[in-house]
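Report on the following structure.
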């Protein structure tokens, strides 16, 4: 029992460091890039151009209709067959960003559609172009509506970074795998990794609640 407890404490920092050095930065980078992709795809879906909307629909259909693990394999193991070789980190960021873009695009599109049409009409009345109205009036309101689902997407992304271990990214779960293999204590180490993921998600959930309350107070004023 004592040796298991010692192993737990000795392995805690390497697992936590894997989260701090790789899992969390990977999630933040992928979320940031993914949101840019999502906004572009959402605006393409809402555009009056049939071909733009069609491309956006195809993109979201492919991303949402295929497993993230397969997307990682396509980027890291598949692209070299056509001469495109990427290191594990860029591969993971590309795959995660594209995945976030596909899911978050629908969230952002729904948030934009939730803004009353009167807001568009008011902007047009005071001489704003569609692009200016979108930047100054529509997107800020849509951003507040989309915060809860996008926060959930980010929390899910943090957990999904564990899949990056299959393409050799040394993140939280990869660290746990290495420790478990050496110590032969798979149950203990994997439960420890699960606890670390849980702790991270709890912290992010508290941050999400605080942000939502702050936005609600701002709207109430």
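The values are calculated or read from the model by the stated rules, or taken from the named source; none is laboratory data. Since the structure is predicted, the reported quantities are computational estimates derived from the model, not experimental observations. Don't worry about glycine lacking a Cβ; one is built from the backbone with ideal geometry, like all the others, and counts go over all protein chains shown.
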inquiry  = Being assigned to a helix (DSSP H, G or I), at pLDDT 95 or above, out of contact with any strand residue (DSSP E or B) (no Cβ under 8 Å at 6 or more places or on another chain) and crowded, with 18+ Cβ neighbours inside 10 Å narrows it down to one residue among 34, 78; which is it?
reply    = 34
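Each row is one residue, and each column tells you yes or no for (1) assigned to a helix (DSSP H, G or I); (2) under 18 Å from the mean Cα position of the chain (by Cα); (3) at pLDDT below 95.
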residue	(1), (2), (3)
140	yes, no, yes
143	yes, yes, yes
146	yes, yes, yes
149	yes, yes, yes
153	yes, yes, yes
157	yes, yes, no
170	no, no, yes
174	yes, no, yes
178	yes, no, yes
Criterion (at pLDDT below 95 and either surrounded by 18 or more Cβ atoms within 10 Å (Cβ to Cβ) or in contact with a helix residue (DSSP H, G or I) (Cβ under 9 Å, 6 or more places away or on another chain) (or both)) met by exactly one of 26, 5, 68, 12 = 12
